[in-house]
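The structure appears right after this line, and notes come after that.
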Amino acid sequence: MKNFNNILFHAIKSMYYTIVTDEKARVIFLSKNYEELLNIKPDDYIGRPVQEIVENSEIPRVLKTRKEEIGHLFTLKDGLTVVCNRIPIIDKGVLYGVISSATFYDLNKVSPLNNQIEELKKENMEYKKRINELYSKQQYSINQVIGDSDKISDIKNTVVKFANSNLTFLITGETGTGKEVFASAIHNLSSRKNENFVKINCAAIPKDLLESELFGYEPGSFSGALKSGKIGKFELANHGTLLLDEIGEMPLALQSKILRVLQENELERVGGIKTIKLDVRIICSTNQKIEEQVEKGLFRRDLFYRINVVEINLPPLRERLEDIRPLSKFFIDKTNVSYGLGITGLKKEVYALFNEYKWEGNVRELQHVLERACVTAGSGPLKLEHFDFLLSRIYKKDRIKNDKLNDSLNNITAEVEKEKIIKTLIETKGNKTLAAKLLNIDRSSLYNKLKKYNIDI
């Protein structure tokens, strides 16, 4: 037994940066290299509290939790970082102390392990990418189109009714209202959902390239063309769905060719003579008032009637404010996942502020506003102070109008007063008593002004 204890002593003495304490966190043992690192001898440390010897020691926590800690990084006195294991010494429920030892004395010498970890990270990222790709194909089902207002509910019903037909949809609405979201929902509700859903923005591609992007081209069709030629968006979407986004921006000369494709269900590539048969579901979208363009001769009347078989007009967010709550929850949850945050929701006064805002960027602007506030706050509920950047936007248009010569002094004064009240309420986090004091008016006068200006904060 004596020989065993002697071997055990020397074995532990030779371990990398090892320290042993009793149940009261008093040091009873240090390995040889730990003694050398700290430049101390047994008489200097035995019986002393561990944090007097190693200031940043985590051993007291292990004694408190009675739980082992495996693979934790720990920085030694000389700045060297090691991988550390801390194990409570427990026998039959009795805690005798803790032994802490470095698994690796130099992180640079675990490069093979680091390489394996990096490979696992890459594989994990690849799996996540594949999962996201699969999810993205299904993410815009009609149940995931956010909104319960009467207008959105009616549109959802229309989509469900006609999605599985081959009828052409024309989706209109301001920028940011969610036209692409509804287009994706139409595709995913149709029998073509397992085929390609191809999108092309007619406004984002130069006019002289748009034709070749849509119809493709044969080798050598024009200067700069690929030697192998190129397949167009129509062919790529064959048997699936093609979204012609911002079709109102399509050049008039190209509209006649689009009309022929829609009527004949066939096309010829640029520079080609072979006819290619098509079976494509067409969805068009625009933020233009396309009927006005027809009257002005900027959009072909016959093409308009051909694409306007089922029209859905998406209302701007300011006309469906009741959808702000479910949309906000959706975007907050999404941002929490994307950034690893812990936002729990919105305070009541924030919704009141949102109802004051015009939302000219519609749902997309709401998403970006919430993302910024979420990142700013990090966790907990979003409060008024997290949206102070909205103040400069709220009445910008009204101020521009008030700068016009035909506006009366009373109107200008009213807008300034209204903005001042809102700013003060935000500063006081909705405390009306404090706000009235800062505004130098009595509480009843403040309530009268809140009613007058329809402020609900």
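Throughout, read-outs are computed from the coordinates displayed, never taken from laboratory work. Every value quoted in this text rests on a predicted model; they were computed, and no experiment measured them. Neighbour counts are summed over all protein chains in view; Cβ atoms, including those assigned to glycine, are modelled from backbone coordinates with ideal geometry.
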In Hz, Karplus ³J(HN,Hα) per residue of segment 264-270 (6.51, -1.76, 1.60; θ = phi - 60°; x = Gly, Pro): 9, 6, 7, 8, 10, 5, 4
For the chain, the Rg and Dmax computed from alpha carbons only, in angstrom: 34.0, 105
Between helix 443-452 and the chain: long-axis angle, C-alpha atoms, 0 to 90°, nearest 10: 40
Of LYS156/LYS329; LYS233/LYS334; LYS227/LYS277, pairs whose Cα-Cα distance is over 27 Å: LYS233/LYS334
Residue order, fewest to most surrounding Cβ atoms within 10 angstrom, among MET250, MET15: MET15, MET250
Unit charges on C-beta of K, R, D, E only; dipole of the chain, Debye: 700
DSSP-defined antiparallel bridges as percent of all bridges, the chain, nearest 5: 50
5 angstrom amide H check on LEU244, placed H, neighbours 5+ away: ILE283, CYS284, SER285
Sorted largest first, extent of segment 144-283 alpha carbons per principal axis (Å): 53, 29, 23
Net charge contributed by nearby residues that have their C-beta within less than 10 Å of THR286 (K/R +1, D/E -1): -1
